[in-house]
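Chemist: Please read through the structure below; I'll follow up with questions.
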Amino acid sequence: MQWTKVNLNSRYQSVPGMDPRADWLLGPGIADFLPEGPEQPFPLLLRVDDEATAAYLNQRLSGEQHFFAASFGPGSPRQLRVGEQVSAFATKAFFDEMARQEPGLVSRLQQRIQFSLPMSRSAERLGWRPGQGAPETLPPNLGYSSGPWPEGTVIMAVIDDGIGFAHERFRRGSDKTRVEFFWNQDGKVPLASSVPFGREWVKAEIDALIGDRKPGGEDEIYRRAGMLDFRTSDHKSLGPRLAHGTHILDLAAGEDPARNCDNRPIIAVQLASVATADASGASIEHFVKMALEYVRARAKLLAGNGPPLPVVVNFSYSTQTGPHDGTAALEEFIDDLVRSNDPPMRIVVPAGNGHAARCHAEIDFSADSVVSLPWRVQPEDLTPSTLEIWMPRADNLLPQADRIRVSIVTPSGSESPLLGEKHGSWIGLLNHGEMVCCVRYVFVPSSTARGVFVVTLQPSARLLPDTVASLAFRVAPHGIWRIKLHNISLSKPDWPQAWIARDDVVFGYPQRGRQSYFDADCYARFDAQGRPVEEDPDPPTCTVRRTHMMNGIGTGAETIMAGGFRHREYRMATYSASGPAMAMAAAASTPLKPAAALVSDDTTVHAGVMAAGTRSGVRLAMGGTSVAAPRLSRWIATQLAASAGGDHSAVETQASAEEQALPKSTPPAVPKRAGWGRIGSFDPPLGQGRRYWP
């Protein structure tokens, strides 16, 4: 193996705002990113910042230039506006053309572009290919409710995977669903579609499926809906008896059908399986942004001619990478969505389960000008591994000189040349001509306005046969990779921050990735009695930290974040990640993150909380901060129904009051993990009690 270094701008990074992974995904990693070849369309999220950018992209919206924008409104093609975030589809050729533009044009293109993995072929609109016109989105079919709604109505929206929309917990009576709209992003596209991709189901269609009493029960309903057809190779998240989305939706909005609940209509979005299967979260922004736009559009339809209906959106996903300062593209979109108040929305996310994952490091040059991070990459990892090192803001935004330089040492001891802070520069490790490691520096434009070093490794193993050309050499060695940071001019407290992308097993999906981590000797996992150490010492004694491992898509000002605690012991769950968010670039300060902690486990032994399984009548336990978030969503909905706000201030008031009312013998809460306090006053929605004696 040999290292190679390029100091000039790389091919795609010459376009300002380009996804930091672009040269990897469309270069050495293209076989994993676009398995069907470079003509395969893939989704992306971009933000248009100036008139030149809008004009450049609007010229290409006919679909004849390998690019089209997706929307929920009628009309084709859609025209882009300055200042908005746009979901689109493109091919590699579109970015090849953009990278070939003369420097004068490229320098005027100020946008942020974020790639996502391509989705299921059956979910693509009309099999769109370059040269075809952009597909048109039609209004949804009639068959949904449009009011008048009873007083105190709040729309409950869930964006998740494995949503059993026919479950009895989401019905009124025996055969009438409360699910007004359900968008399966992986669904097979009909000829006339009301969504940019996938398949939408409205209430009348779901009622017809439930009411058609064919043998097979709910399995037959999901088979007819295209979600449980074992003749296809698509992932079937409703196959097992426990599905993440069904469990979460029950905690947020499930009711006994005999109650005939009519003031909690449901909008559900099942994310594309590629967005969920990619545990890193790098492919999620496009699909979640589209899901949120869908929820907003359908909530307006449900309101009809009446007043706007408030909406509570539960999104129980988390990521580990990103700037963690509220400036990620999805975070900014969420903030804008909530602040528009059209309709009133609250968006709840979990704190994340990576508190003890050893995936965060805070580099401190106080004792030494060179800091080495030991990055343990595991064997038999079938997915790429990624590490991000985020730099502090520079006074003049774009650094004029190197503040640090980075080098990489392979497990065998080969050290790379130094890489400085020149936008688009990179170092690559070649194995018989195949790049197995790449280190890039990219400056992310406003409003993040920070530089990031991105280290990407090929998988440490592949299941494809070695007879395929070059695949035998497209494998990165496992073991400890050392990331060496050489300080040039940084001083305290402006230290870099490093995060390793999540790469573990996703619930309901086969194991492919194996989580890499910082394997530092100074990190104490257990105390003298063998118990897990849950908090960093004060002052910290190790570069690897538990703090700041909170959800990387929940650090914006408007998201409400929930941590998790064990109900019987009233102790924080060991996995519940901590804040606070990093200093925001925006002038407004970020509310406390997490905002509060809610029950995520009954006891240490009885892990998780009970809620609906995939089929009606089944109740199973699931844990993690993912199940704490919908409990908070349910509480926020009761506040909105009573016109009590249901915002950060309301959560603060409730959590503080409950925390102060606890007996003095209760273990104290740590604010950076429990926020304003622990909320545990309301009963589980299933009403069956807990799994232990009081």
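Chemist: Relative to 2.2 N^0.38 Å, what does the C-alpha radius of gyration of region 488-600 come to as a ratio? Two decimals please.
Modeler: 1.23
Chemist: Could you give me the ³J(HN,Hα) list for region 433-444, computed from phi with Karplus coefficients 6.51, -1.76, 1.60 and θ = phi - 60°, whole Hz, x at Gly and Pro?
Modeler: Those phi angles translate into x, 9, 7, 10, 9, 9, 10, 10, 10, 9, 9, 8 Hz.
Chemist: For a 26 Å ceiling on Cα separation, which of these pairs sit above it: Lys176/Lys214; Lys214/Lys300; Lys188/Lys214? Don't skip to the end; give the middle numbers.
Modeler: Details: Lys176/Lys214 16 Å; Lys214/Lys300 34 Å; Lys188/Lys214 22 Å.
Check vs 26 Å cut-off fails for Lys214/Lys300.
Chemist: For Val86, enumerate residues with amide H under 5 Å from its amide H, sequence gap 5+ or separate chain, H modeled in the peptide plane.
Modeler: Distant-sequence amide H within range of Val86: Leu46, Arg47, Val48.
Chemist: Moving to a separate point now. Please go through the residue pairs Lys92/Lys289; Lys92/Lys422; Lys422/Lys492; Lys92/Lys593; Lys203/Lys672 and name each one whose alpha carbons sit more than 32 Å apart in this structure.
Modeler: Lys92/Lys593; Lys203/Lys672
Chemist: I would also like to ask the following. For a test of the definition: using alpha carbon positions, the gyration tensor, and the 1.5 limit on a/c, classify region 283-395 as rounded, prolate or oblate.
Modeler: Prolate, because a/c is 1.5 or more and a/b exceeds b/c.
Chemist: If you take every DSSP beta bridge fully contained in the chain, what fraction is antiparallel? Give it as a percent rounded to 5.
Modeler: Antiparallel bridges: around 75 percent, rounded to the nearest 5.
Chemist: Tell me, what ³J(HN,Hα) does each residue in region 203-213 have, in order and in whole Hz, if you take phi through Karplus 6.51 cos²θ - 1.76 cosθ + 1.60 with θ = phi - 60° and put x for Gly and Pro?
Modeler: Values per residue, Gly and Pro as x: 3, 4, 5, 5, 4, 5, 5, 5, x, 7, 6 Hz.
Chemist: To the nearest 20 debye, what is the magnitude of the charge dipole of region 442-570 about its Cα centre, counting +1 on the Cβ of each Lys and Arg and -1 on the Cβ of each Asp and Glu?
Modeler: 340
Chemist: Here is a follow-up. Given N residues in the chain, what is Rg(Cα) / (2.2 N^0.38 Å)?
Modeler: Against the compact-globule rule of thumb, the ratio is 0.93.
Chemist: Turning to a different aspect of this structure: Where the only charges are on Cβ atoms (+1 Lys, Arg; -1 Asp, Glu), what is the dipole of region 513-600 about its Cα centre, to the nearest 20 debye?
Modeler: That gives region 513-600 a dipole magnitude of about 280 debye.
Chemist: What does the highest-first list of 342-351, 564-573 look like by mean Cβ count within 10 Å?
Modeler: 342-351, 564-573
Chemist: Which residue, Ser273, Ser318, Ala208, has the largest displacement toward the positive end of the dipole of region 192-320 when charges sit on each Cβ (Lys, Arg +1; Asp, Glu -1)?
Modeler: Comparing the listed Cα positions along the dipole, Ala208 ranks first.
Chemist: If you don't mind, another one. Once you list every other residue whose beta carbon is under 13 Å from the beta carbon of Ser407, what net charge do they have if Lys and Arg are +1 and Asp and Glu are -1?
Modeler: Overall, the nearby charge balance is +2.
Chemist: Placing +1 on the Cβ of each Lys and Arg and -1 on the Cβ of each Asp and Glu in the chain, which of Val189, Ser412, Met391 has its Cα farthest towards the positive end of the resulting dipole?
Modeler: It is Val189.
Chemist: Placing +1 on the Cβ of each Lys and Arg and -1 on the Cβ of each Asp and Glu in the chain, which of Val295, Val618, Leu46 has its Cα farthest towards the positive end of the resulting dipole?
Modeler: Val618
Chemist: Now, a different point. Only helical DSSP H runs with n ≥ 4 go in: add -39500 (n - 2.57) per run for the chain, normalise by residue count and round the 222 nm mean residue ellipticity to 500 deg cm²/dmol.
Modeler: -5000 deg cm²/dmol
Chemist: Another one. Using a 4.7 Å Cβ cut-off, which Cys residues in the chain lack a partner cysteine?
Modeler: Cys261, Cys359, Cys437, Cys438
Chemist: For region 246-367, give the magnitude of the charge dipole about the Cα centre (Cβ charges: +1 Lys/Arg, -1 Asp/Glu; no others), in debye to the nearest 20.
Modeler: Result for region 246-367 is approximately 400 debye, rounded to the nearest 20.
Chemist: Would you kindly work out the equivalent ellipsoid of region 213-341 from its C-alpha gyration tensor and give its semi-axes, the square roots of five times the eigenvalues, largest first in whole Å? Don't skip to the answer; put the middle values down first.
Modeler: Working: eigenvalues 153, 110, 34 Å².
Each semi-axis is √(5λ); the values are 28, 23, 13 Å.
Chemist: Please compute the modelled spin-label separation between Arg525 and Ala93, points set 7 Å along Cα→Cβ, answer in nm with one decimal.
Modeler: 5.1
Just so you know, all these numbers are worked out from the coordinates, no wet-lab data involved. What you see is a predicted model, and the numbers here were worked out from it, not measured in a lab. Note: ideal-geometry Cβ built from the backbone for every residue, glycine included; neighbour counts use all protein chains shown.
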